[in-house]
Every structure is written in C-alpha cells, then in structure tokens.
Amino acid sequence: MIPSLLCGLAVLPAPAAPGPSAVLWQDAPAAEYISGFPLGNGRIGAMVLGPPNAVRVALNHQALWRGRTRGRTNPATAQSLAPIRALFFEGQIAEASRRANAELGTRPETGVDPYQPVGDLRVEIAGSGSFTGFRRELDLATGVVTTAWRAGGHAHRSEVLVSRADGVLVLRLSTSDPAGISGRLILSRIADPDCKLTPRAAAGSIVLAGAFPEGIAFEAACRAWGDRAGSCVAEADAASATAAIRIVGARHVVAALAISVTPGVGADAERPAEEILSRAARRCGGDFGKFRTRHVAAHRRLFDRVRLRLGGPDRAALPTPRRLAEARAGASDPALAALYLQYGRYLLMASSAPGGLPANLQGLWNEDIKPPWDADFHHDVNLQMNYWPAEVTNLPECAEPLFDHVERLARNGAAAARDLYGCGGTYIPLVSDRWALCNKTQGGWSEWTGAAAWLARHFWTRWEYSGDRAFLRERAYPLLKQVGDFYQDYLVADPRPASPWRGRLVPVPSQSPENRFVGGIDPVSLCVGATMDLELIHEVFTHLIAGSEVLGMDADLRARWRGILERIPPLQIGRHGQLQEWLEDYEEVEPGHRHFSHLYALYPGDQVTVEETPALAAAARASIERRLAHNGGPSGWSRAWLVCLFARLRDGDAAAEHLRHLMGDFATASMLDLHPPRVFQIDGNFGGAAGIAEMLLQSHGGVVRLLPALPDAWPSGEVSGLRARGGLEVGVAWSGGRAQRATLRSARGGPCRVRPPAGQRVVSASAGRRAVRLSPPGPLGEVALVCPVGAAVTLRLE
C-alpha cells in the first residue's frame with residue numbers, strides 16, 4: 001500500500017472553482033480530438049478527451065517526425081537566374097514565373113517529413129457508462145486537467161498532468177466507491193503500415209515501442225501503482241500491438257508515462273523512456289501529490305508572470321463552449337479575452353521549451369500520420385506568429401527553440417543560397433521540418449526569399465526586449481549579416497529604360513506570399529519587387545546599421561548598407577488609396593486574400609507607424625478595409641493578424657471586433673484555433689494572444705505606449721507582467737476607459753519614454769517614497785524618466 005494514495009478516500013475534493021481568466025471547462029465529454037484539452041511540457045504533449053468510461057489521452061513527442069527525405073539536397077540552378085530575370089524585366093511575367101518555378105531548384109517530390117503521433121493511453125473503466133454531473137476542466141494556472149462525475153451513486157475523479165519538473169505524464173484515478181475501480185490502461189497506436197509496433201509488459205509496467213523503416217524509433221513506457229495489493233497487472237498483446245495494465249478493485253490508481261524518440265532532440269531526449277520513468281519514480285514513487293506539487297511549482301514560475309483582469313459580467317460559471325457561442329452572438333464577455341490571452345501563453349509554455357524544437361503548425365498536438373501540411377514549420381507567417389507573444393507576454397525562454405532551429409536552418413542555408421542563386425549569406429525556404437534542411441519543396445509556392453529576413457526579426461526583437469549585448473553580438477547580429485550578405489548579392493539594378501525604378505535595387509523574382517495578381521501565374525504570382533520583400537530588406541539593413549553601431553563593429557560596411565537602403569524603391573500608395581502589395585499597382589485576383597503580407601511593415605514590423613508615417617498608415621488601413629470588403633480574414637490566424645494590425649492603428653474597437661470573430665468563429669469547444677474548413681492550426685491562438693497584449697501595451701520606436709488600443713468594451717481592468725522593449729516589465733490599471741496608474745520595473749535601469757493613453761497625462765512618478773523626475777510632456781503627452789535598476793516606478797495619470 002502507498003499511504004499518500006489513501007488520503008481523502010471517503011470524500012473527493014471538487015475541482016477548483018473557475019477563476020476569471022485561468023480555467024476552461026466543459027459539461028459534456030469532447031467527442032473530437034480538437035475539442036479535447038491540451039497538456040504539455042514543451043517536449044511531451046497530450047490531448048485529453050472522451051467520456052469517463054473511455055478516456056483517451058492522445059500522446060505526442062516533439063521529436064517524432066518521419067525521416068524519409070532527410071537526406072535531400074538542392075540542385076545547382078544559379079546559372080538559370082540571369083535569363084529568368086531578363087524575362088521579368090522584358091515584361092514577360094508569366095513565362096518568367098513558369099521558368100522560375102521550374103528551373104530554380106524546386107523539387108516537390110522531396111517534400112518535408114510529417115510530424116507523427118506517438119499513440120494513445122486509453123483509460124477504460126468498467127461500469128461507468130451512465131454518468132451524471134460531468135465536468136472536465138483545464139486549469140491554465142496549474143497545467144492540470146481534472147474530470148469529475150458521478151456513476152452508480154458514487155463520486156469519481158481523474159486528473160492528468162504533463163510534468164514540467166519530472167518529464168513524464170502522470171494520471172490519477174480515484175473513486176468513493178468501496179468496490180473500487182476496475183478497468184484497463186491501454187497503450188496503442190493508430191494503424192500505420194510503416195510503423196512496426198512491439199508491446200512489452202513486466203511487473204506493473206508496460207512499454208509500446210515503435211520503429212519506422214528509415215531508422216526513427218520511439219518508446220512509450222507506463223507504470224501504475226494502486227492502493228491495494230495486486231490491483232495493477234501488466235499485460236502485452238503482440239497480435240493487437242497493445243500493452244495494458246489491468247486494474248482490479250483499486251480506490252486510487254496513479255500512472256506515470258514517459259516517451260523517448262531516437263534520434264532525439266536536446267540533452268534528455270536520448271535517454272530511453274524506461275530510464276526517464278525510473279528516475280521519476282525514484283523521485284516521487286506513486287505519490288501523485290508529489291508529482292503535482294513539483295510540476296505546479298515549475299509551471300507557475302512561468303504562468304504567474306502575467307495577470308490580466310478585464311471588468312464586465314462574470315460568465316466564468318458558464319461552460320467554455322457556451323461562452324464562445326454567446327460571444328459569437330454578440331454577448332459582452334471581456335473576461336473571455338483575458339482567458340484567451342492566458343490560453344495563448346499556456347499553449348506556448350506547453351509546446352515550446354528550451355533545448356527542444358519550436359512549436360509547429362499544431363503546436364505539439366497531432367493525432368494523424370498524415371497531418372495537414374505535415375504539421376511542419378511554415379515560414380511565411382505561421383511559425384513567426386507562433387512566437388509573436390513570447391517577448392511581450394513574458395515567456396522569452398519559450399522562444400529559445402525558435403532561435404536554435406533558425407540557426408540550424410541558417411547553417412544549411414549557406415549552401416542553398418550558393419547552389420540555388422549563386423549568392424552569399426543564407427537562404428531559408430518556405431517550409432522546413434525537424435531536420436532543418438533548406439530545400440525548395442513546395443511546387444509553385446517556394447520561389448520566395450524572405451523567410452530568413454522575417455525569422456531574423458525575432459532575433460532583433462529579443463535584443464530590443466532584453467538589451468542582452470552578448471545575444472546581439474553572438475546570435476542576432478551574425479544572422480542579420482548572413483541575411484544581409486544574401487540580399488547584397490540577390491538585389492539587382494532595374495535596367496528598364498522606361499521604368500520609374502531604373503537604377504533602383506530590386507529583388508527578382510519576388511513574391512507576396514501567397515497572393516496572385518492579374519497577369520501573374522497560379523498558385524502564387526512572381527514579379528519584380530513585391531512590397532513585403534522591400535519591407536524585409538529595409539528592415540534587415542536598418543537593423544544591421546543599428547546593431548553595428550551598438551557593437552562598435554563593421555563601421556566600414558555601414559556606408560554600403562545605407563546605400564542599399566537609399567536605392568531600394570519606397571513603399572507605394574495605389575489607385576484605391578491602398579498600400580500597394582507589389583511595386584506595380586497590379587489588380588488582385590483575390591482582393592479578400594487571407595494574407596496581409598504587404599502590411600508587414602505595420603505589424604510585426606514598425607517601418608509604418610501612425611505617428612511617423614501617417615500617409616502610409618492610412619494606406620495600410622485602406623488595404624485592410626479593401627480586404628475586409630471582399631470577405632478577408634477567412635481563417636483564425638488571419639483574424640489574429642487583423643487584431644494586431646488594428647492595434648497598431650490605435651483602433652481598439654476594430655481590434656476587439658476581430659478578436660470576437662477569432663474566438664467565436666475560429667475556435668473549437670476547447671478554444672483551439674481553426675483554419676477552414678475545420679483544421680486545427682495553433683498560430684491563431686498565439687497571434688490572438690499577441691494582439692490582446694498589443695492592445696494594452698506597445699513599445700516599438702523607443703516609446704512605451706500605455707493602453708494604445710483600449711476598446712470601449714473593456715472600460716476597466718488591470719494587467720501586470722507584460723514586457724516592453726528596453727528591459728521593462730509593465731503594469732497598468734484603468735477605470736472608466738482611463739488609465740489610473742502604471743508600474744514600470746526595469747531590469748537594466750536607465751532612461752525610458754512613456755506615452756499615456758490619448759487625452760491623458762502623467763502627473764507624477766515615484767519609486768517607493770522617492771519621487772522620480774519627469775521631463776516636461778512632449779507631443780501626445782510623452783514623458784521621459786530614468787528608471788532605477790530593479791525598482792518599481794509608479795506613474796499616476798489623469
């Protein structure tokens with residue numbers, strides 16, 4: 001017997017009461033995978049769903065990808081670039097585009113490898129087919145899924161977590177029924193002719209091992225403890241390729257499960273699952289309380305950094321699916337937006353941890369052997385959007401896997417740049433997988449050179465937020481130089497005598513992902529100088545100049561970089577008053593297209609701002625309105641981008657309206673993001689969280705903006721723990737739509753500039769009892785002050 005299992009047998013404690021912004025819950029079992037509740041520790045993922053008598057815990061490991069094409073290489077095609085460019089400059093857009101797609105190294109047959117499920121841990125409980133009082137909740141603050149129900153006149157309960165401290169999934173089943181629990185814990189996997197499964201069983205433990213022909217292997221190992229002797233019996237069935245633990249008459253059962261993949265990722269991945277499981281068992285035995293305490297402490301060290309309260313009616317007593325449905329119908333529920341922010345943070349914590357891989361298109365959660373888009377890493381918005389909330393919502397360590405992956409890509413991209421284009425530097429393709437190869441594999445889509453530049457923004461953003469000079473010197477600046485070296489070779493002077501851009505440096509071929517214009521080709525149109533490419537090039541060289549000045553390096557190169565900035569064409573305003581998507585004012589085939597690529601300079605970039613470039617900001621707004629007039633924003637991630645764009649335009653009401661659509665129209669019953677027709681794609685969750693943060697705090701351009709896009713629907717509230725560029729942590733409290741106070745805490749100390757909400761002013765600042773001097777208010781009420789290191793500075797506003 002295990003004494004800790006016997007505590008509280010007679011009366012089972014009720015699940016935690018739902019907090020205003022920390023709990024999702026359902027009063028009916030989730031029948032479909034994408035309506036389950038996700039758990040994860042950045043390495044192991046689990047989705048909990050199903051009825052009480054047949055719970056399914058679907059299992060994933062971040063490193064389990066197929067490896068069929070991991071040896072693929074690029075052909076040498078650089079010799080084709082010059083004649084293709086000549087065709088573009090001659091105006092033969094369609095022919096030039098066809099040749100570019102055919103002759104510049106795209107090889108669809110090599111593909112990317114798909115992300116794979118490990119299998120399922122199924123919990124079959126006898127005699128509980130009829131049940132009442134069902135409630136399943138996911139507590140975001142603890143990372144625990146709890147299910148409670150009644151059957152046969154008795155209370156039953158299950159709890160599941162994926163331990164951030166011990167690296168294992170832990171499950172506890174308990175009942176008030178004196179007869180105890182009878183049933184089975186079963187390890188199995190979806191039928192897959194490519195995967196050889198081998199089940200094993202020993203005293204109290206089971207293992208399901210899998211192997212693919214190309215040498216990728218995995219193991220799931222599970223051990224169970226019951227409170228009665230002989231209540232857990234291990235079994236293996238080679239014929240059905242399953243392993244099970246039979247439970248007989250236990251009042252409490254605790255099971256721990258570990259997963260390993262070979263070849264793995266990170267320091268711990270190479271250990272066999274059974275070894276990982278044994279280490280966890282030595283620490284905690286079968287004591288769920290110890291597992292839970294250790295996990296929750298590690299989880300809350302990240303989760304508790306940000307708190308958000310939005311006033312309004314308290315609807316937390318309603319099941320989450322009903323809240324979503326009522327939001328769709330127009331009900332006021334500001335706390336649902338707070339929950340969405342925290343859910344995005346939770347999902348990032350759960351799917352991305354230092355030493356591992358970045359969150360893929362489905363984060364960490366996939367049940368299919370052929371998932372949509374292979375659950376890969378898409379670089380033309382999706383992977384980047386996954387990490388938009390990392391810095392501002394105070395989870396910077398969750399971005400480490402992105403940096404590691406991009407650096408692996410950049411190393412492989414040096415050969416790709418040379419072979420495909422005859423360029424120095426690095427080239428990163430449209431998509432990648434865990435092998436981080438830089439191959440063009442997407443027929444008709446791959447002819448885009450902007451991925452490396454967009455990914456490099458995240459490195460620069462880390463520097464802006466952290467002020468870590470070592471990171472800038474050792475990681476951000478070297479990557480930017482690689483990208484800059486590529487563009488220095490790739491840009492070409494426009495030779496057309498009649499062109500207004502004659503002599504200007506333009507990228508050719510160029511693309512605005514993933515859009516088309518009349519006269520271009522399907523599925524993506526190529527051209528001379530797509531706007532997004534020009535914005536990315538502008539950003540890369542702007543950051544290179546700034547980085548070299550901070551580091552005191554490469555002074556001799558700055559004149560060349562400034563010359564490139566002077567010679568690329570400026571952004572253009574088109575005949576509809578819109579920010580042009582291409583250098584030419586082409587007519588769009590699909591005016592309501594899902595991508596907002598040409599608005600990159602507004603968000604996540606900052607080349608276009610309301611204050612500094614009002615005409616371009618107005619043109620960006622016209623572009624958005626034109627998209628929306630033609631049913632734009634047709635997916636979750638697209639709506640999330642709209643939230644961010646309207647926040648940058650200081651239109652809080654429009655941002656809130658698109659957030660309502662994001663939550664109401666593009667979310668499952670468990671608030672996971674959807675791409676039409678009904679495909680789980682996690683980027684919308686992350687983009688929506690970033691958008692909410694952007695409504696409350698902005699800090700680009702060296703100015704901390706308080707409540708820059710506060711909607712009328714959020715008249716009162718309080719947020720703390722958001723991060724601003726310059727090493728600041730910021731909190732704001734407001735009432736009646738007006739900020740009352742703000743708190744700044746600087747990790748580095750030093751000067752900062754703060755802009756109050758429109759129509760307000762900062763009247764005082766203090767650090768404890770000591771007054772902090774404010775400069776006289778500047779334009780828009782902006783003040784400057786010096787923050788002491790580590791101390792909280794409180795601003796009073798009126």
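The values are calculated or read from the model by the stated rules, or taken from the named source; none is laboratory data. This is a predicted model, so every value here is computed, not measured. FYI the Cβ positions are ideal-geometry reconstructions off the backbone, even for glycines, and counts take in every protein chain you see. Just the protein is used for accessible areas: all its heavy atoms, side chains included, with ligands, DNA and RNA removed. Shrake-Rupley method; radii C 1.70, N 1.55, O 1.52, S 1.80 Å.
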Mean shadow area (nm²) of the C-alpha convex hull around segment 372-438 is 5.0 nm²
Compute the acute angle (0 to 90°) between the alpha-carbon long axis of helix 652-665 and the principal axis of greatest extent of the alpha-carbon atoms of the chain; round to the nearest 10°. 40 degrees
Rounded, prolate or oblate: which one fits segment 60-187, using the alpha carbon gyration tensor with axes a ≥ b ≥ c (rounded when a/c is under 1.5, else prolate when a/b beats b/c, else oblate)? prolate
Efficiency by 1/(1 + (r/R0)^6): what FRET value for Gln79 and Val518, r their Cβ-Cβ distance, R0 = 35 Å, to the nearest 0.05? 0.65
In angstroms, what radius of gyration and Dmax does segment 465-527 have, counting Cα atoms only? 17.2, 48
For segment 632-791, how big is the tail of P(r) above 28 Å, as a whole percent of Cα pairs? 28 percent
Mean 1/r over all different Cα pairs, inverted: what Kirkwood radius does segment 531-625 give, in Å? 14.4 Å
One finds, for Val789 and Ala211 with R0 = 45 angstrom and r their Cβ-Cβ distance, a FRET efficiency to the nearest 0.05 of 0.25
Taking Cα atoms, the helix 555-567 axis meets the longest principal axis of the chain at an angle in degrees (rounded to 10) of 80 degrees
Once R0 is set to 56 Å, what does the formula 1/(1 + (r/R0)^6) return for the Cβ-Cβ distance between Arg473 and Asp653, expressed as a FRET efficiency to the nearest 0.05? 0.85
Bounding extents of segment 301-387 in its principal axis frame from Cα atoms, largest first in Å, are 40, 31, 24
Using modelled backbone amide H atoms (1.01 Å from N, in-plane), which distant-in-sequence or interchain residues come within less than 5 Å of Ser205's amide H? Ala234
Once every Cα of segment 243-321 carries one equal point scatterer and solvent is ignored, give the base-10 log of I(q)/I(0) from the Debye formula at q = 0.12, 0.15, 0.28 Å⁻¹, two decimals. -0.65, -0.86, -1.28
Whole number please: convex hull volume per residue of the Cα set in segment 199-347, in Å³? 202 Å³
Restricted to Cα positions, what overall size does segment 724-794 have along the principal axes? Three whole-Å values, descending. 31, 26, 23
With Cα coordinates, the longest principal axis of the chain makes an angle with the long axis of helix 288-303, in degrees rounded to 10, of 20 degrees
I need the per residue convex hull volume for segment 516-585, using only the alpha carbons, in cubic angstrom as a whole number. 100 Å³
By a straight-distance test (C-alpha under 12 Å), which aspartates and glutamates pair with Lys290 as possible cross-link partners, with residues fewer than eight away in the same chain excluded? Asp166
Check the straight Cα-Cα distances from Lys196 and name the lysines below 25 Å, setting aside those fewer than 8 residues away within the same chain. Lys370
In nm, give the distance between the simple-model label positions of Arg748 and Thr293, each being 7 Å from the Cα along the Cα-to-Cβ direction. 4.0 nm
Arg705 long-range amide H proximity, modeled H, under 5 Å: Gln698, Ser699, Arg755
Under-5 Å amide H pairs with Ala155, H placed in peptide plane, nonlocal only: Ser176, Asp177
Whether segment 145-194 is rounded, prolate or oblate, judged on the alpha carbon gyration tensor where a/c under 1.5 counts as rounded: oblate
How many nm is it between the label spots at Ala203 and Ala559, if each spot is 7 Å from the Cα in line with the beta carbon? 8.0 nm
When the helices in the chain are scored as -39500 (n - 2.57) per DSSP H run of 4 or longer and the sum is shared across all residues, what 222 nm value do you end up with, to the nearest 500 deg cm²/dmol? -9000 deg cm²/dmol
Mean separation of Cα contacts under 8 Å (at least 6 apart) over the residue count of segment 462-574, i.e. the relative contact order in percent, is 23 percent
Take the alpha-carbon centre of segment 733-798, take the same for segment 292-320, and report the distance between them in whole Å. 27 Å
Give me the number: length gained by fully extending Ser764 to Gln740, i.e. 0.36 nm times residue separation minus the C-alpha to C-alpha distance, one decimal in nm. 7.5 nm
Please report, for the Cα atoms of segment 163-251, the Rg to one decimal and the Dmax as a whole number; what are they, in angstrom? 14.9, 50
Which percent of the accessible heavy-atom area of segment 538-670 goes to carbon and sulfur, probe 1.4 angstrom? 50 percent
In a solvent-free Debye calculation with one equal scatterer on each Cα, what is log10 I(q)/I(0) for segment 557-699 at q = 0.12, 0.14, 0.21 Å⁻¹, listed in the order of the q values? -0.52, -0.68, -1.25
Hey, what did the chain get for relative contact order, percent, Cα under 8 Å, at least 6 apart? 12 percent
